[in-house]
Amino acid sequence: MREPDGNDEAAVDGARPSRPPSIDALARSLAGSGLPHPLLVDAAREAVDAGDPGSARDRAEARARRLLQPVVNATGVLLHTNLGRAPLAVETPGGYSNLELDLATGERGSRHAHAGALLARAAGAEEAVVVNNGAAAVLLALAAVARDRDVVVSRGELVEIGGGFRVPEVMATSGCRLVEVGTTNRTRLADVRAAVEAPGADVAALLKVHQSNYRIVGFTGSVAVAELATLGPPVVVDLGSGLLDEACPWLPGGPPPWLTGEPGVRQTLDAGADLVVFSGDKLLGGPQAGVIAGRADLVAACARHPLARALRPGGLVLGALQGVALAYLRRTAGELPFWRMATTPVVELRDRAERLVVAVAERVGAAVPELQVVDCASLTGGGTLPEVEVPSAGLALPGDRRAALRAWAPPVVARVGEGLTICDLRTVAPADDDVLADALAHALGP
Ligand SMILES: *Cc1c(COP(=O)(O)O)cnc(C)c1O
């Protein structure tokens, strides 16, 4: 049991406090942890209630570790939902902004005039509106376009994306009527047409949901956006991942092979979609947000809907997203942390891994034969590109050392597989290599 520093009231005599320690004095003795006093009082009270005042410092440290904080992502999952999906550096000026002020007229402006308008321009859409996340964007699009009316969707697309996003439930919540057509593995244009032309049908939209995190393989068939667009009702596509353009004009080498087959926002609009809905923090590489892009009248209906007010993001997110949209328009989006990490050549990662082995040996003061440079496979993650592996390289150490790596400050999050702990360097910023070396030396140390 550790004795609280400089606190005579909380004197601990073996396992039994000689007299009840003052919670406040015990809390004060923990001030070095950097937590505000009320949280230290909580830690002190819990420790005393548990009959173990000496545990107060550990409890305070555990509380501090539950704060939102930067971590080193060594999992190799580029868009790790538990780690905040796309990494993004944002500078946030502390002052006011023209969030809803038109500087030309001095009148009230629209918060959709910045990031939304720029993303629309970058994707080739007439207009776009931004909300808090992809799920909110789907909800708003359906509520605005199809409330109390029919929305036709293939049975193969009535899916759960993860984190409680289930297409039938989101549709029900939006107030539209779900009309499911086709079968789980095959849906034909004739199935959709029959639903549109059915007596009494009141079809407001045809919904297509991208197979973000699953694949149906074998005897399959689905209806392309271009075919749906021939039927008349507006086509709403929940694209999810938000690849802005399949040609990736922001990458000098064009699209990497692992992106093959992933539909782009621009191409989906060109194929005839009236609205395309996607997340800001998946393949777009931006902050958590949801974007509805497409026909001006439908986007305006979304922006006017009462739910838009409830789902609107604040200036921090819109400012960050504006920076991302400008990067796409400048064709410098390859510099966004997500794209930089996703496209780093494996040889560079292997070089860094070799330098890290040397750096860890220096810290440990001896060679560390158990630390090995390995080829591995990264994932895009975040419910995008299931089963697609991005070749990568990293470091492997025997056994499961994840807890030791997480205990480092800043925490390092690694993965295990086949009896090894793997630190995949694709998702580690080169600037964090020193931190990783420190954490590895600690995990390997005596
Ligand atoms: C990810 C995803 C969503 C949900 O988006 P969030 O930004 O996570 O709310 C909805 N639909 C599809 C197809 C997705 O891939």
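Return the residue satisfying two criteria in turn: it lies in region 279-335 and is crowded, with 24+ Cβ neighbours inside 10 Å and among the β-branched types (Val, Ile, Thr), and of such residues it is farthest from the ligand (Cβ to nearest atom).
The residue in question is 299.
Results for (1) farther than 20 Å from residue 69 by Cβ; (2) modelled with pLDDT of 95 or more, shown as yes or no for each residue.
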| site | (1), (2) |
| --- | --- |
| 351 | yes, yes |
| 383 | yes, no |
| 405 | no, yes |
| 413 | no, yes |
| 418 | yes, no |
| 429 | no, yes |
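It is to be established whether one or more residues within region 367-382 are under 27 Å from residue 61 (Cα atoms) and touching a helix residue (DSSP H, G or I) at 6+ places or on another chain (Cβ under 9 Å).
No: zero hits.
Considering each residue of region 213-239, count those that are in a loop (DSSP other than H, G, I, E, B) and either within 16 Å of residue 188 (Cα to Cα) or not polar (S, T, N, Q) (or both), and give that number.
Total satisfying the criteria: 16.
Could you check region 112-133 and list, in sequence order, the residues that are outside any helix (DSSP H, G or I), closer than 16 Å to residue 324 by Cα and touching a residue at least 60 places away in the same chain (Cβ under 8 Å)?
Matches in region 112-133: 112, 114, 124, 128, 129, 130, 131, 132, 133.
Considering only residues that are of a type in the set (D, E, K, R) and surrounded by fewer than 17 Cβ atoms within 10 Å (Cβ to Cβ), which ones fall in region 201-226?
202, 215
Pick from 382, 419: which is touching a residue at least 40 places away in the same chain (Cβ under 8 Å) and at positive phi?
Only one candidate passes the filter, namely 382.
Of the residues that sit in region 227-267 and are more than 16 Å from the ligand (Cβ to nearest atom) and among the small types (Gly, Ala, Ser), which one is surrounded by the fewest Cβ atoms within 10 Å (Cβ to Cβ)?
It comes out as 253.
State which residue is nearest to residue 389 (Cα to Cα) when the search covers only region 60-97 and only residues that are assigned to a loop (DSSP other than H, G, I, E, B) and among the charged types (D, E, K, R).
For region 60-97, the residue satisfying everything is 85.
Yes or no: region 373-389 includes at least one residue that is part of a helix (DSSP H, G or I) and of a type outside the set (S, T, N, Q).
no
Do you know which residues across region 411-429 are surrounded by fewer than 14 Cβ atoms within 10 Å (Cβ to Cβ), outside any strand (DSSP E or B) and not acidic (Asp, Glu)?
Result: 419, single match.
Condition first: surrounded by fewer than 24 Cβ atoms within 10 Å (Cβ to Cβ), more than 15 Å from the ligand (Cβ to nearest atom), closer than 18 Å to residue 328 by Cβ and in contact (Cβ under 8 Å) with a residue 24 or more places away in the chain. Can you find one or more residues in region 270-278 that meet it?
Yes, region 270-278 contains at least one residue that is surrounded by fewer than 24 Cβ atoms within 10 Å (Cβ to Cβ), more than 15 Å from the ligand (Cβ to nearest atom), closer than 18 Å to residue 328 by Cβ and in contact (Cβ under 8 Å) with a residue 24 or more places away in the chain.
Working carefully through the options 71, 48, 41, find the one that is surrounded by 16 or more Cβ atoms within 10 Å (Cβ to Cβ), in contact with an Asp or Glu (Cβ under 8 Å, 6 or more places away or on another chain) and of a type in the set (A, V, I, L, M, F, W, C).
Every option except 41 fails the conditions.
Which residues, counting only those in region 61-86, are away from the ligand (no atom under 16 Å from the Cβ), touching a Ser or Thr at 6+ places or on another chain (Cβ under 9 Å) and at pLDDT below 95?
If the condition is that a residue be away from the ligand (no atom under 16 Å from the Cβ), touching a Ser or Thr at 6+ places or on another chain (Cβ under 9 Å) and at pLDDT below 95, then 61, 63, 64 are the ones that fit.
Okay, residues lined up against (1) surrounded by fewer than 24 Cβ atoms within 10 Å (Cβ to Cβ); (2) under 28 Å from residue 249 (Cα atoms); (3) within 16 Å of the ligand (Cβ to nearest atom):
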site: 103; (1), (2), (3): yes, no, no
site: 110; (1), (2), (3): yes, no, no
site: 115; (1), (2), (3): no, yes, yes
site: 118; (1), (2), (3): yes, yes, no
site: 131; (1), (2), (3): no, yes, yes
site: 134; (1), (2), (3): no, yes, yes
site: 148; (1), (2), (3): yes, no, no
site: 166; (1), (2), (3): yes, no, yes
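Yes/no matrix, rows are residues, columns are (1) within 16 Å of the ligand (Cβ to nearest atom); (2) loosely packed, with under 14 Cβ neighbours inside 10 Å; (3) more than 22 Å from the chain's Cα centre (by Cα); (4) β-branched (Val, Ile, Thr):
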position: 337; (1), (2), (3), (4): no, no, no, no
position: 363; (1), (2), (3), (4): no, no, yes, no
position: 372; (1), (2), (3), (4): no, no, yes, no
position: 381; (1), (2), (3), (4): yes, no, no, no
position: 390; (1), (2), (3), (4): no, no, no, yes
position: 406; (1), (2), (3), (4): no, no, no, no
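crowded, with 16+ Cβ neighbours inside 10 Å, touching a residue at least 60 places away in the same chain (Cβ under 8 Å) and in contact with a Cys (Cβ under 9 Å, 6 or more places away or on another chain): does that describe residue 77?
So residue 77 does not fit the description; no.
Do we find a residue being more than 15 Å from residue 83 (Cβ to Cβ) and hydroxyl-bearing (Ser, Thr, Tyr) anywhere in region 424-434?
Scanning region 424-434 turns up no residue that is more than 15 Å from residue 83 (Cβ to Cβ) and hydroxyl-bearing (Ser, Thr, Tyr).
The values are calculated or read from the model by the stated rules, or taken from the named source; none is laboratory data. Quick caveat, the model's predicted, so the values are computed rather than measured. Heads up, the Cβs are rebuilt from the backbone with ideal geometry, glycines too, and the neighbour counts pull from every protein chain shown.
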